[in-house]
Amino acid sequence: MVEQDTIRLLRECDAGVKMGVSSIEDVLEKAQNDDLKRLLREYRTEHEKLEDEIRALLEQYQDEGKDPAMMAKGMSWVKTNVKLTMENSDETIADLITDGCNMGIKSLTKYLNQYKAADETSKDLVKRLIKLEEELERDLRQYL
């Protein structure tokens, strides 16, 4: 049970962190404020570091991980591009990424509760990703 829950939790975390990196990349070059660009780059790097840790843990279990659902990724891309076409502003970018952070926090917390038997290393990694999402959301408030 521990191994199954661990793998399932890591898969969901893998999909979530990939979605976060992708979302940041979708808006990064459209940001106008240099400080916002720097902030987004820093958080992308932090997400990528966690992605590497998740991948390493999944490899220990000989698992390939999980990509974000195509429907979720596609809808996110459409929402981002429609909103930025209507109003390409740093406020819109901050709003989009904040929404993504909130969705990520909610999903990761749900999976953390669902896969209670997962090992502590994996749970700690998910908690770190949740904390990173909370920090990004907080740091973006000045651009809303």
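We did not get these values from a lab; they are worked out from the coordinates using the rules stated. Predicted model only: the values in this text are computed from it and were never measured. Here the Cβ is made from the backbone with ideal geometry for all residues, glycine too, and neighbour counts use every protein chain on show.
In terms of its C-alpha gyration tensor, the stretch 70-114 has an oblate overall shape, because the principal axis ratio a/c (a ≥ b ≥ c, square roots of the eigenvalues) is not below 1.5 and a/b does not outweigh b/c. Per residue, the Cα convex hull of the stretch 29-144 amounts to 106 Å³. With neighbours defined as other Cβ atoms within 10 Å of a residue's Cβ, the residues Ile93, Ile24 order from fewest to most as Ile24, Ile93. For the stretch 15-67, the square roots of the Cα gyration tensor eigenvalues, ordered a ≥ b ≥ c, give a/c of at least 1.5 with a/b greater than b/c, which places it in the prolate category.
Sorting Ser23, Ser89 by the number of Cβ atoms found within 10 Å of their own Cβ, with the fewest placed first, yields Ser89, Ser23.
Suppose we flag GluC sites (Glu not before Pro) only when DSSP calls them loop and at most 14 other Cβ atoms lie within 10 Å. Which is the longest uninterrupted stretch of the chain?
Working: sites that count: Glu29, Glu64, Glu87.
Result, exposed sites excluded: 88-144.
In the stretch 73-92, which residues have a backbone nitrogen under 18 Å from the label point lying 7 Å from Asp34's Cα in the Cα-to-Cβ direction? Zone members listed by number: 90. I'd like the distance between the alpha-carbon centres of the stretch 94-111 and the stretch 12-42, rounded to an integer number of Å. Value for the Cα centre distance between the two parts: 13 Å. Comparing mean-square fluctuations of Met19, Met75, Met103 from a GNM of the chain with C-alpha springs under 10 Å, the top value falls on Met75. For the stretch 39-84, what does the alpha-carbon gyration tensor say about shape, rounded, prolate or oblate, given a ≥ b ≥ c as the root eigenvalues, a/c under 1.5 as rounded, and a/b over b/c as prolate? Taking the square roots of the gyration eigenvalues as a ≥ b ≥ c, the stretch 39-84 is oblate.
Of the residues Gln32, Gln62, Gln114, the one that moves most in a GNM of the chain with alpha-carbon contacts below 10 Å is Gln62.
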